[in-house]
Each structure stands twice: as C-alpha cells, then as structure tokens.
C-alpha cells in the first residue's frame, strides 16, 4: 500500500489540525498527538507563552503512520497555507528516539542564527541535556535542511527541534510521575518560549 498524501492523512478519522495565528514567529508540531508524543503540547504552550503563532496536527491513539516532513505541504492544507502565509520564521517540534542519544536535543533547520539563539536558551534551562546546534553533529536524516521541509518554507526559514523521549516525559525515567508535565518538559517549554519572545526577526 502506498503512503497517503498529506491531504489524505488529514481526512482520516481522528486526525485533527490546530492553528492559532498570533505573531510573526511560529511554532509547528505536525507529528503531534500519539505519533510523536507531547510535541504538540510543547509547541502549543511555548507559542502561547511567547505570543507566537501555532500549527499542529494531532494523530489519534495507537497511530503509527508517519508522513515524512517533505510531504507536509501547504498545497495539501488550506490551514497550513494560512499559517505559513502569516508567519515569517518558525520553530518546529519533533520527537525522535535513539539509544545512543537519550539526552540529546537536536537543532536542525536552515536558520542557523535562530538555532544558536534557541540553543543558548535551552542550555540555560536543561543542563542535563546535550543541546546540539552544529549541523555536522546531527544525524543527516534529522537535520531538517531540505528546501521542501515546512520548517524552511517561511521567509526566514526556521529551526527543527528534535526531542528525545526523556525531554517529552515518555521515557522510563518518568514512569512513576503521577500527573501533568514532567519537570524537564516544563523547563523545555519555558526555554523555547523565552527564545521565541526574545529573537529579533529581521
């Protein structure tokens, strides 16, 4: 069976788009919901705290169909088109899981000035994590530098943030956590919001 288009995915039962238009800075999490857990929560809350815009796609429980980023295109979604027409720069939140990188937060995307800015804020609030903002140190398939990747479509492109399970509260470290966001995720959101609010868009 061939992989569906983005439009076909959005039409599937239980898949929902979210969009909140505010500032010229934007946050995206189009692999949200149960697919890359907590990425939509991180993006939505960081956007609200910083006055940024937000776009997300929520996938229903037990979802395992992953659409590659380069197939998430605005011609397939009027809502995504309206978001990308509104913002000038973005921070896209993703989740990844690799045993050799349990505490690595990877900052890809074409806007390297913003990546360095976000890295400085995250290092201040996540001292137990390795914040990687040098592209050569990021696995090739996680760099997010393809021209068709949504993170690079706005006027000033953006940063792709890849979060390990521990930072999203979904690793064994947090199995006994009872309710609400884990401390690492709360700190992550605060750092992202501070970075977004303080970055000077050209």
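Where a number appears in this text, it was derived from the coordinates with a stated rule and is not lab data. A quick note: this is a predicted structure, and the numbers were derived from the prediction, not measured. All Cβ positions, glycine included, derive from the backbone under ideal geometry; neighbour counts span all protein chains shown.
Out of all DSSP beta bridges in the stretch 6-198, what portion is antiparallel? Express it as a percent rounded to 5. Don't skip to the end; give the middle numbers.
Numbers: 8 of 27 bridges.
Taking every DSSP beta bridge with both residues in the stretch 6-198, the antiparallel ones total about 30 percent.
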### Query
By what distance, in whole Å, do the Cα atoms of the stretch 76-187 stretch along each of the three principal axes, largest value first?
42, 31, 24
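Checking a compactness column here: for the stretch 123-202, what do you get for Rg(Cα) / (2.2 N^0.38 Å), N being the number of residues?
Working: Rg = 14.8 Å, N = 80, 2.2 N^0.38 = 11.6 Å.
Cα-based Rg divided by the globular estimate yields 1.27.
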### Task
Grab the beta carbon distance between residue 146 and residue 85, set R0 = 25 Å, and tell me the FRET efficiency rounded to 0.05.
0.75
## Note on the structure
Here the stretch 6-198 gives, from Cα atoms, an Rg and Dmax in Å of 15.2, 43
### Query
What's the center-to-center distance, using Cα atoms, between the stretch 1-73 and the stretch 84-104 in Å?
12
### Message
Quick check: residue separation of residue 112 and residue 96 times 0.36 nm, minus the Cα distance between them. What number comes out in nm?
### Response
3.7 nm
### Query
residue 179 to residue 63: extension gain in nm, 0.36 nm per residue of separation minus the Cα-Cα distance?
39.5 nm
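State the extension gain, in nm to one decimal, for the chain segment bounded by residue 8 and residue 123, taking 0.36 nm per residue of separation less the distance between their alpha-carbons.
Values: separation 115, 0.36 × 115 = 41.40 nm, distance 3.89 nm.
Using 0.36 nm per residue and subtracting the Cα-Cα distance, I get 37.5 nm.
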### Theoretical FRET efficiency, 1/(1+(r/R0)^6), r = Cβ-Cβ of residue 103 and residue 17, R0 41 Å, to 0.05
0.80
### Message
For residue 134, project a label point 7 Å along Cα to C-beta. Then give me every residue of the stretch 67-100 with its amide nitrogen under 20 Å of that point.
### Response
100
